[in-house]
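Below is one structure; the comments refer to it alone.
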Amino acid sequence: MEITLTLAVAAIAIISVIISPKAKNKGAFFQGLSPAGGQPGLLLLTLSQVTTWIFARSLLNAAILGFYYGIWGTLAYAAYYLSFLTGAKIIDSVRFQHGFDSIQAFLTDRFGAWGSRCYNFVIAVRLISEVFANILVIGILFGVAGSSSYTLAVALFAIVTLVYSMLGGLHASLRTDLFQMVLFLIVMTVLTVLVMGTGQATLENLMFKPFDISEPGPILLMVALLQVWSYPMHDPVMMDRGFLADRTTTRKSFYHAAWISIICITLFGCFGVIAGANAMSGESMNTVLMRILGETPMLLFNITLVISAMSTLDSTLSSSSKLVAVDMKWVEPSLKNGRITMLVFVLLGLLLVFIGNKDLFSAVAVSGTASMYLAPVIFFSLWGKRTDIPLWSYLSCFVLAVGGAALYFVESAGHTQLLGDSHKYTKLLYISLTVLIGGCLLFWAGALNTKQQPQTKTA
C-alpha cells in the first residue's frame with residue numbers, strides 16, 4: 001500500500017506543479033488575480049475556502065476525536081466550521097460597512113500600531129503551526145518519527161509544495177485548490193461508499209458513546225461554540241480570501257463553504273467513530289480501520305489526507321508571504337521577497353516537526369484560545385461600532401488570551417497541574433470562558449469612562 005500511496009502523492013504533486021501558472025506581477029502573487037486581472041468566481045472561491053480549511057490535520061483530528069469520544073468528538077470539531085458564518089459577517093463588516101481593505105488596517109485605525117502588532121503576532125504563530133501540522137501528517141503516514149522514510153517523506157512533500165507555491169503565489173494556490181478539492185470530493189465519495197458497503201456504518205456504532213455533558217466530547221463542543229466567534233478572524237488564509245471578490249460572491253462563498261466543510265469533516269470523522277466502536281484494547285485507530293475496512297479504503301483514507309495537506313500548505317505559504325510583505329510591510333512586496341518568505345516559513349515548520357509537540361489538536365486549542373482576545377474587538381469595535389475603546393483594554397485582552405493559551409499548553413502537556421487533575425478539555429473550557437468573559441469586561445470597563453464618537457469609514 002505504501003508504494004501505491006507514494007505513486008498517488010507523486011501524481012498529485014506533478015499535476016499541481018503543471019497547473020501552477022508562474023506569477024508575473026504582484027497582483028497575481030499577493031492578491032490572486034488572473035493574468036487578465038480578473039477576480040476569482042464563486043465556484044473557485046468556495047472550493048478554495050473549503051479545501052484550505054479542510055486541513056489534513058483537521059481530518060485526522062476529527063477522526064481521532066471520534067475514535068476516542070464518539071460522534072460528539074467529531075461534531076465538536078465540525079462545529080469549528082461554523083467559523084465560515086461568523087467569518088462572513090466579520091469580512092462584510094470590515095470591508096463593506098467600515099471600508100477597510102484588511103484586518104490590520106481596521107485594527108490600526110482603532111488601536112494604533114499595537115492593534116496590528118498583536119494581531120500579526122497571533123496570526124504568524126497560526127501560520128507556522130499550520131505549516132508544521134500539515135507536514136507532520138505526511139510524516140505520520142509514511143513512517144515512524146525519526147525513521148528514514150518519515151524524514152524523506154516530510155522533506156520531499158515540503159519541497160514539492162514549496163516549489164509550486166513559489167511559482168505562482170496566491171493565484172497558483174487558487175488554481176491548485178480547485179483541482180485538489182475536486183479530487184478530494186471524488187476520493188471522499190468513493191471512500192464513503194466503500195465504508196457503507198462494509199455494513200459498519202450503523203447507528204449502534206455511530207452512537208457507541210452516549211451523550212454525557214461531563215464527557216470530553218460534549219465539553220469540547222461547548223469550547224468550539226465559544227471560540228467560533230473569534231476563530232475566523234485570526235486565520236489569515238480565510239480572511240485573505242474574504243478580500244478577493246465582490247460582496248455578493250464573497251458572502252455566498254463563505255456560506256457555501258460552511259455546509260460543504262461541515263459535511264466533509266463529519267463524514268470523515270465518522271470513520272474514526274466506527275473505528276472506536278470496533279476497537280479492542282490497545283489498538284490504534286489506523287490498526288482498527290485496516291482490520292475492518294481493508295487495504296483499498298485505507299489507501300483512499302490516506303490519499304484524502306495527502307490532498308488536504310498539500311492544498312492547505314500552499315495556501316498557508318501564500319498567506320505567509322502576504323502577511324510579511326503586504327500586511328506587516330517588513331519587506332518590499334516583490335515576487336522575490338514573497339518567495340523568500342515562503343521558504344522561511346517552510347523551514348520554521350520543518351524545525352517544529354522535528355523538535356515540536358506531536359499532539360495535533362494542541363495547535364488548534366492553543367491558537368483558538370489566543371484568538372479569543374479578538375472576540376470583544378468583534379463584539380464592541382466591529383459589530384458594535386465603538387471607536388472609543390482605549391488601548392489598555394485591547395492590550396489587556398491580548399495578554400489575558402495569550403496567557404490562557406500558554407496555560408492550556410503547559411496543562412495539556414502535563415508540565416503543570418495548576419487547574420487540578422480534570423480532563424484537559426475541561427480545563428480548556430474553563431480557560432476559554434475566563435478569556436471570553438474577562439475580555440468583554442475589560443472592553444466594557446474601558447468604554448465606561450470614555451465618550452463614544454462614531455467614526456465609521458465608508459468604502
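The values are calculated or read from the model by the stated rules, or taken from the named source; none is laboratory data. Bear in mind that the values here come from a model prediction, so they are computed numbers and not experimental data. For neighbour counting, all protein chains shown are included, and Cβ atoms are generated from backbone atoms with ideal geometry for every residue, glycine included.
Can you tell me how many residues within the range 94-124 are in contact with a helix residue (DSSP H, G or I) (Cβ under 7 Å, 6 or more places away or on another chain), touching a residue at least 12 places away in the same chain (Cβ under 8 Å) and surrounded by fewer than 18 Cβ atoms within 10 Å (Cβ to Cβ)?
Adding up the residues that qualify gives 4.
Residues are listed down the side, and each one gets a yes or a no for (1) part of a helix (DSSP H, G or I); (2) under 22 Å from Ser129 (Cα atoms); (3) not acidic (Asp, Glu):
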| residue | (1), (2), (3) |
| --- | --- |
| Phe243 | no, no, yes |
| Ser253 | yes, no, yes |
| Ser261 | yes, yes, yes |
| Thr287 | yes, no, yes |
| Arg291 | yes, no, yes |
| Leu300 | yes, no, yes |
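From the list Ser58, Ser129, Ser148, Ser83, which one is of a type outside the set (A, V, I, L, M), out of contact with any strand residue (DSSP E or B) (no Cβ under 7 Å at 6 or more places or on another chain) and under 24 Å from Ile274 (Cβ atoms)?
Numbers: Ser129 fails: under 24 Å from Ile274 (Cβ atoms); Ser148 fails: under 24 Å from Ile274 (Cβ atoms); Ser83 fails: under 24 Å from Ile274 (Cβ atoms).
Exactly one of Ser58, Ser129, Ser148, Ser83 is of a type outside the set (A, V, I, L, M), out of contact with any strand residue (DSSP E or B) (no Cβ under 7 Å at 6 or more places or on another chain) and under 24 Å from Ile274 (Cβ atoms), namely Ser58.
Suppose we filter the range 295-349 for residues that are in contact (Cβ under 8 Å) with a residue 40 or more places away in the chain, closer than 13 Å to Ala158 by Cβ and surrounded by fewer than 21 Cβ atoms within 10 Å (Cβ to Cβ); how many remain?
2
Would you confirm whether any residue within the range 234-250 is more than 30 Å from Tyr430 (Cα to Cα), surrounded by fewer than 18 Cβ atoms within 10 Å (Cβ to Cβ) and without any contact (Cβ under 8 Å) to a residue 40 or more places away in the chain?
There is at least one residue in the range 234-250 that is more than 30 Å from Tyr430 (Cα to Cα), surrounded by fewer than 18 Cβ atoms within 10 Å (Cβ to Cβ) and without any contact (Cβ under 8 Å) to a residue 40 or more places away in the chain.
Any idea which of (1) among the small types (Gly, Ala, Ser); (2) at positive phi; (3) buried (at least 19 other Cβ atoms within 10 Å of the Cβ) is the one Gly414 doesn't satisfy?
Here Gly414 clears every test but (3).
Taking Met280 as meeting all but one of (1) assigned to a helix (DSSP H, G or I); (2) more than 17 Å from Leu191 (Cα to Cα), write down the number of the exception.
Every listed condition holds for Met280 apart from (1).
Answer yes or no: is there a residue in the range 402-409 that is modelled with pLDDT under 90 and not in a loop (DSSP other than H, G, I, E, B). Reasoning before the result, please.
Our first condition is that a residue be modelled with pLDDT under 90; within the range 402-409, this holds for 409.
Filter once more, so that each one left must be not in a loop (DSSP other than H, G, I, E, B): 409.
Scanning the range 402-409 turns up at least one residue that is modelled with pLDDT under 90 and not in a loop (DSSP other than H, G, I, E, B).
Quick one: is Tyr425 within 16 Å of Ile90 (Cα to Cα) and modelled with pLDDT of 90 or more? First the steps, then the outcome.
Values: within 16 Å of Ile90 (Cα to Cα): no; modelled with pLDDT of 90 or more: yes.
So Tyr425 fails the test.
Quick one: is Ser261 modelled with pLDDT of 85 or more and small (Gly, Ala, Ser)? Working first, answer last.
Details: modelled with pLDDT of 85 or more: yes; small (Gly, Ala, Ser): yes.
In short, yes.
Looking at Gly199, Gly217, can you tell me which residue is surrounded by fewer than 18 Cβ atoms within 10 Å (Cβ to Cβ) and over 29 Å from Leu45 (Cα atoms)? Before you say what the answer is, go through the steps one by one.
Details: Gly217 fails: surrounded by fewer than 18 Cβ atoms within 10 Å (Cβ to Cβ).
It is Gly199.
Would you be able to say whether some residue in the range 61-78 is surrounded by fewer than 21 Cβ atoms within 10 Å (Cβ to Cβ) and either over 19 Å from Tyr373 (Cα atoms) or modelled with pLDDT under 85 (or both)?
Keep residues of the range 61-78 that are surrounded by fewer than 21 Cβ atoms within 10 Å (Cβ to Cβ), which gives 68.
Those left that are additionally either over 19 Å from Tyr373 (Cα atoms) or modelled with pLDDT under 85 (or both): 68.
Yes, some residue in the range 61-78 is surrounded by fewer than 21 Cβ atoms within 10 Å (Cβ to Cβ) and either over 19 Å from Tyr373 (Cα atoms) or modelled with pLDDT under 85 (or both).
Looking at Val163, is it surrounded by fewer than 24 Cβ atoms within 10 Å (Cβ to Cβ), of a type outside the set (Lys, Arg), touching a Gly at 6+ places or on another chain (Cβ under 7 Å) and in a helix (DSSP H, G or I)?
Numbers: surrounded by fewer than 24 Cβ atoms within 10 Å (Cβ to Cβ): yes; of a type outside the set (Lys, Arg): yes; touching a Gly at 6+ places or on another chain (Cβ under 7 Å): no; in a helix (DSSP H, G or I): yes.
No: the conditions fail for Val163.
Please enumerate the residues belonging to the range 2-28 that are of a type in the set (Ser, Thr, Tyr) and touching a Leu at 6+ places or on another chain (Cβ under 9 Å).
Within the range 2-28, the subset of a type in the set (Ser, Thr, Tyr) is 4, 6, 16, 20.
Passing the criteria: Thr4, Ser20.
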